[in-house]
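Data first, discussion second: the structure below is written as C-alpha cells.
The values are calculated or read from the model by the stated rules, or taken from the named source; none is laboratory data. Keep in mind that what you see is a predicted model, and the values were worked out from it rather than measured. Here Cβ is always computed from backbone atoms with ideal geometry, including for glycine, and neighbour counts include all displayed protein chains.
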Amino acid sequence: MKPPRVYVAHPVTCYGTEHEARSLAALRLLLPHCELLDPSQLYASAEHWLRAWPKVLLTLAGLVVFGAEDCSIGAGCVRELSDALAMGVAVVGFDGEQLREIDGLRLFALPWRDRSRVGTLVLGPVFEPSALFPTDFDGAVR
C-alpha cells in the first residue's frame, strides 16, 4: 500500500531557510508513514507551480501548512489551502511543534499586504496526527 501523500504548504519566503528545514524535519517525525511533498523541491518556477499544482492536488490525502518565521503566509499558500479545502482534502496547520486545527486566516491590511505576505493563520486546538492518518500497531497506514 502506498503511503498517503501530504503536501507541506509554506511560503516561498522561507524556502531554503533554517526555519523551513526545522519545520520539515519536525513534520517527518510527526507523520513518519506519510509521503511529504515539499513545494520548494517540486516546482522550478511560479509558472511551473501554476501548471502542476492542480494535478498534484488530485493525488493528496492531506495538506499541512506552516508560516514563515513571522507566521505570515503568502497568496500561494492561501490558494493551496483553499483549493485543498474545496476538494475535501484534510487540512491542518503546523505551529513548529504540533499539528493544529485551522480556525481562520487573519488578513493584513491592504497597505501592508502583498503576494508574499497576505496574512497569518489562526491556529486552534492540537490535532492528533493519528486522527488524520490512523496507523495499525505495526505502523501500516489503514
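Looking at VAL78, VAL56, VAL92 in this structure, which one is surrounded by 13 or more Cβ atoms within 10 Å (Cβ to Cβ), assigned to a strand (DSSP E or B) and not charged (D, E, K, R)? First the steps, then the outcome.
Details: VAL78 fails: assigned to a strand (DSSP E or B); VAL56 fails: assigned to a strand (DSSP E or B).
Criteria check complete, one pass: VAL92.
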Practice task
Output the residues belonging to the stretch 1-36 that are in contact (Cβ under 8 Å) with a residue 24 or more places away in the chain and among the hydrophobic types (A, V, I, L, M, F, W, C).
Solution key: MET1, VAL6, VAL8, ALA9, VAL12, CYS14, ALA26, LEU27, LEU30, LEU31, CYS34, LEU36
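Output the residues belonging to the stretch 46-60 that are touching a strand residue (DSSP E or B) at 6+ places or on another chain (Cβ under 6 Å) and either at pLDDT below 95 or not hydrophobic (A, V, I, L, M, F, W, C) (or both). Walk me through how you get there before you give the answer.
The first filter runs over the stretch 46-60 and keeps only residues touching a strand residue (DSSP E or B) at 6+ places or on another chain (Cβ under 6 Å), leaving 59-60.
Within the stretch 46-60, THR59 is the sole residue that qualifies.
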Practice task
Using the structure shown, decide if ASP70 is part of a helix (DSSP H, G or I) and under 23 Å from LEU123 (Cβ atoms).
Solution key: no
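Among the residues of the stretch 37-49, which ones are in a loop (DSSP other than H, G, I, E, B), free of Cβ contacts under 8 Å to residues at least 12 places away in the same chain and either charged (D, E, K, R) or touching an Asp or Glu at 6+ places or on another chain (Cβ under 6 Å) (or both)?
none
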